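These notes concern the structure reproduced below.
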Amino acid sequence: MEFVYPPVVGLTKTMFRVLDMKIQIEGAQHIPATGGAVLASNHVSYLDFTLCGFGAQPARRLVRFMAKKSVFDHKISGPLMRGMRHIPVDRKAGTAAFHEAEKALKNGEVVGVFPEATISESFTVKALKSGAARLAGAAAVPLIPMAVWGPHRLWTKGHKRELTKRHVPIIIKIGAPIPMREGDTTDSTTLLLRERLIELLDEAQQAYPDKPAGPDDRWWLPAHLGGTAPRPEDIGDPARQPS
């Protein structure tokens, strides 16, 4: 029985309505109605957990996210995270988290992963860690790419939090599962995942209905789209497009 997750989802939906957030979900049919799956998303804001979980709602799935252990240690977020059966990741002991996530997948759960590991300050897709591909392979479940665009305007790294800002459009794009073919390596699957994430994010950015209100409002656009976000190469990220 789920005693914590459904009320949290209900509260979140109420918040979205109050803020009149224009949330557009595309590709939800790619999330299976039953059985395990790894949902791998880009990472642009502190709200991505909420929005990526919301993206699985049309499929009536609850996503168990892998998140850093410090979130579980917090006196407020900790009980909620444990109650929703999310998975703590201690970077000093990552094997335990991997095995817990693999067990959840084999038990038919959807596990959410942010393979960039940290928020992308350039608002492009960074180099990916291999954990999402390794998990999908180990549990023999679909690896599903997802891109989210828009929530960074409300709360992201290095910028003022504006959680009461209304009418902000959010685009969530879910791609077809990445085939796990015989002979594919974890590295090759991870590279393909990054390509898919870049494609989905580009599509979301091109379709986004809002434009900056003026020169001072261009911070939330990546440099290649005329924004003032730092270029990937200036902050140690790899080039935007994979080779």
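Numerical summary
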read-out	value
Enumeration of residues in the range 15-57 that are of a type in the set (S, T, N, Q), within 23 Å of ARG82 (Cβ to Cβ) and either surrounded by fewer than 16 Cβ atoms within 10 Å (Cβ to Cβ) or touching a strand residue (DSSP E or B) at 6+ places or on another chain (Cβ under 6 Å) (or both)	SER41
Scan of the range 80-113 for residues that are assigned to a loop (DSSP other than H, G, I, E, B) and touching a helix residue (DSSP H, G or I) at 6+ places or on another chain (Cβ under 7 Å), ordered by number	MET84, ASP90
Top-ranked residue in the range 58-79 [being within 13 Å of VAL9 (Cβ to Cβ) and out of contact with any helix residue (DSSP H, G or I) (no Cβ under 7 Å at 6 or more places or on another chain); ranked as surrounded by the most Cβ atoms within 10 Å (Cβ to Cβ)]	ARG61
Out of VAL168, VAL113, sole residue that is crowded, with 21+ Cβ neighbours inside 10 Å and either modelled with pLDDT of 95 or more or farther than 30 Å from ALA223 by Cβ (or both)	VAL113
Those residues of the range 195-207 which are in contact with a Leu (Cβ under 9 Å, 6 or more places away or on another chain) and surrounded by 15 or more Cβ atoms within 10 Å (Cβ to Cβ), in sequence order	LEU197, GLN205
Selection status of ALA176, in contact with a His (Cβ under 7 Å, 6 or more places away or on another chain), touching a residue at least 12 places away in the same chain (Cβ under 8 Å), part of a loop (DSSP other than H, G, I, E, B) and not acidic (Asp, Glu)	yes
Filter result (farther than 17 Å from VAL4 by Cα and among the basic types (Lys, Arg)) within the range 66-109	LYS68, LYS69, ARG91, LYS92, LYS103, LYS106
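The values are calculated or read from the model by the stated rules, or taken from the named source; none is laboratory data. In this text the structure is predicted, and so the values were computed from the model without any measurement. Virtual Cβ from ideal backbone geometry, glycine too; neighbours counted across all protein chains shown.
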